[in-house]
Amino acid sequence: MVPVSVGQAGNVSGLLLSLILSEQVQNRTDSVDFGPSQLWCHRFAGLRSYATPHSQFFAPSEGIMLPAGSYNNKVAFITGGGTGLGRAMTGVLSQLGAQCVIASRKLEVLQQTATEISSQTGNKVHAVQCDVRDPQAVSRCVDQMVELTGLPDVIINNAAGNFICPSERLSANGWKSITDIVLNGTAFVTLELGKRLIQNQKGASFLAITTIYAESGSGFVVPSASAKAGVEALYKSLAAEWGRYGHRFNIIQPGPIRTKGAFSRLDPTGTFEKSMIGRIPTGRLGKPAELANLAAYLSSDYASWMSGAVIRFDGGEYVSMAGEFNELRKVTDDQWKMLETMIRSTKGS
Ligand SMILES: CCCCCCCCC/C=C\C=C\C(=O)SCCNC(=O)CCNC(=O)[C@H](O)C(C)(C)COP(=O)(O)OP(=O)(O)OC[C@H]1O[C@@H](n2cnc3c(N)ncnc32)[C@H](O)[C@@H]1OP(=O)(O)O
Ligand SMILES: NC(=O)C1=CN([C@@H]2O[C@H](COP(=O)(O)OP(=O)(O)OC[C@H]3O[C@@H](n4cnc5c(N)ncnc54)[C@H](OP(=O)(O)O)[C@@H]3O)[C@@H](O)[C@H]2O)C=CC1
């Protein structure tokens, strides 16, 4: 771990962005003393990752949490299981004994992940090509899964699309592309599997991966925010309606966790991460393994009484951004003395 000074976007095409951001970071440095002694940079695999010194209080435990064999004789279906968080969840479920089916558009990526995970865990991982935007493709994918493994015990709706874009630059097709993957894709997968499970009188756990801004909304990712909010409404509604068929529905809202898919589309220059870390009370990004442990718990029999739950999993970022006075954590002791004197000396209203 090496301390770094506040940097600049590294190329000419990033000049405008770097000017905007250097001003932002400069302001932060001036008023917050968020300088080299308080901002740390990990370097690994060619990637930078920032953290604050107090993140050492919150070191991630990345080992598998549930007892070995917790998923023996279970089948798990994970959309977007070939990459990022989906891949991490598949790895943990497979390690715990599940037979996994991973589905997304890029068959080669899925196959490579499937081979790597199953060679590590000794349990089968099946790769099935499926574009979740297409209900017929989803139906064919489920047919294929039934042939391979039978209907699943666990369904994780993790596939998503996203990019930052001012809404005035967004085309109708840009909107459709994101909302089709996130909201319609989750609905098609959930309805197709739900109906077949009901027909076969088989219970199951459904989990959706949304995001903290599903609750607040967020500018610059408006289709994603709208679609993720829709997914949450879908899952809370079905938790109420389909409990009678043995189905549980839960939601994880992750905060920032470094994956190529997310960060390449949401922070393409890598510059926003620095300011983001400053608002996370635990001072670091989440780890895919931490999310995977939570998903494994929520989808397991240990959580059989959990349904309709929305779990925010973000190192405290959401409440930190929401609280009116939270920026006051930047005030120094000397500044507090002065503020207190001013307040105490005020008489009357
Ligand atoms: C402050 C720091 C932030 C750091 C990170 C913060 C982390 C927190 C993250 C919180 C939530 C994260 C949510 C996520 O979902 S992350 C997962 C992201 N992963 C992916 O997006 C993977 C899959 N994505 C894709 O395949 C593509 O990106 C896709 C565009 C979503 C879909 O691909 P495809 O179907 O091939 O679509 P097209 O390329 O044909 O485009 C369709 C349509 O959209 C327009 N478009 C595409 N990109 C942009 C862009 N960057 N800006 C504006 N418009 C865009 C494109 O032009 C097409 O429209 P049109 O036909 O009108 O031209
Ligand atoms: N990383 C983060 O910080 C956060 C992530 N999230 C959520 O976590 C989940 C995983 O994201 P992450 O791992 O970061 O990013 P990835 O980009 O790695 O994951 C997205 C996955 O979705 C799949 N996918 C995209 N479009 C389709 C489609 N039409 N049909 C089927 N599959 C599709 C992709 O595979 P393929 O291209 O092969 O189709 C890919 O595997 C998403 O729901 C995201 O919204 C939420 C908050 C924070």
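The values are calculated or read from the model by the stated rules, or taken from the named source; none is laboratory data. Just so we're clear, the structure is a prediction, and the values are computed from it rather than from any experiment. With ideal geometry, Cβ positions are generated from the backbone for all residues, glycine too; neighbour counts draw on all protein chains shown.
The set of residues in region 82-109 that are within 15 Å of ligand 1 (Cβ to nearest atom), under 21 Å from the mean Cα position of the chain (by Cα), closer than 20 Å to PRO135 by Cβ and not charged (D, E, K, R) comprises ILE102, ALA103, SER104.
When the residues of region 197-218 are filtered to those that are touching a Lys or Arg at 6+ places or on another chain (Cβ under 9 Å) and either surrounded by fewer than 18 Cβ atoms within 10 Å (Cβ to Cβ) or outside the structural domain of ARG244 (by TED's automatic domain parsing) (or both), the one that is farthest from ARG244 (Cα to Cα) is GLU215.
Please find, among ARG312, ARG258, the residue that is touching a Pro at 6+ places or on another chain (Cβ under 9 Å), under 18 Å from GLU215 (Cα atoms) and surrounded by 16 or more Cβ atoms within 10 Å (Cβ to Cβ). Quick ask: steps written out before the conclusion?
Values: ARG258 fails: under 18 Å from GLU215 (Cα atoms).
After ruling out the rest, the residue left standing is ARG312.
Output the helices (runs of 4 or more DSSP H) that fall wholly within region 107-219 and possess 2 or more residues being within 22 Å of VAL75 (Cα to Cα), or say none.
Working: elements: 107-121, 135-148, 172-179, 185-199, 213-216.
Once the helices (runs of 4 or more DSSP H) in region 107-219 are filtered for at least 2 residues that are within 22 Å of VAL75 (Cα to Cα), what remains is 107-121, 135-148, 185-199.
A single entry from VAL132, VAL142 fulfils the requirement of being crowded, with 24+ Cβ neighbours inside 10 Å and either touching a residue at least 24 places away in the same chain (Cβ under 8 Å) or not hydrophobic (A, V, I, L, M, F, W, C) (or both): VAL132.
If a residue must be more than 15 Å from GLY261 (Cα to Cα) and surrounded by 23 or more Cβ atoms within 10 Å (Cβ to Cβ), how many such residues does region 100-112 contain?
Residues in region 100-112 being more than 15 Å from GLY261 (Cα to Cα) and surrounded by 23 or more Cβ atoms within 10 Å (Cβ to Cβ): 4 in total.
What pairs come up if the first residue lies in region 159-178 and is closer than 25 Å to ILE251 by Cβ, the second is among the basic types (Lys, Arg) and more than 9 Å from ligand 2 (Cβ to nearest atom), and their beta carbons are under 7 Å apart, counting only those six or more places apart or on different chains? Cβ pairs passing all conditions: none. Check whether at least one residue in region 243-256 is small (Gly, Ala, Ser) and assigned to a loop (DSSP other than H, G, I, E, B), and report yes or no. Yes. The residue that is farthest from ASP153 (Cα to Cα), among those in region 288-321 that are more than 16 Å from the chain's Cα centre (by Cα) and without any contact (Cβ under 8 Å) to a residue 40 or more places away in the chain, is VAL319. Sub-9 Å Cβ pairs linking a first residue in region 252-263 that is among the β-branched types (Val, Ile, Thr) to a second residue that is within 6 Å of ligand 2 (Cβ to nearest atom), at least 6 apart or interchain, are ILE252/ILE209; ILE257/GLY84; ILE257/LEU85; THR259/THR83; THR259/GLY84; THR259/LEU85, ordered by first then second residue.
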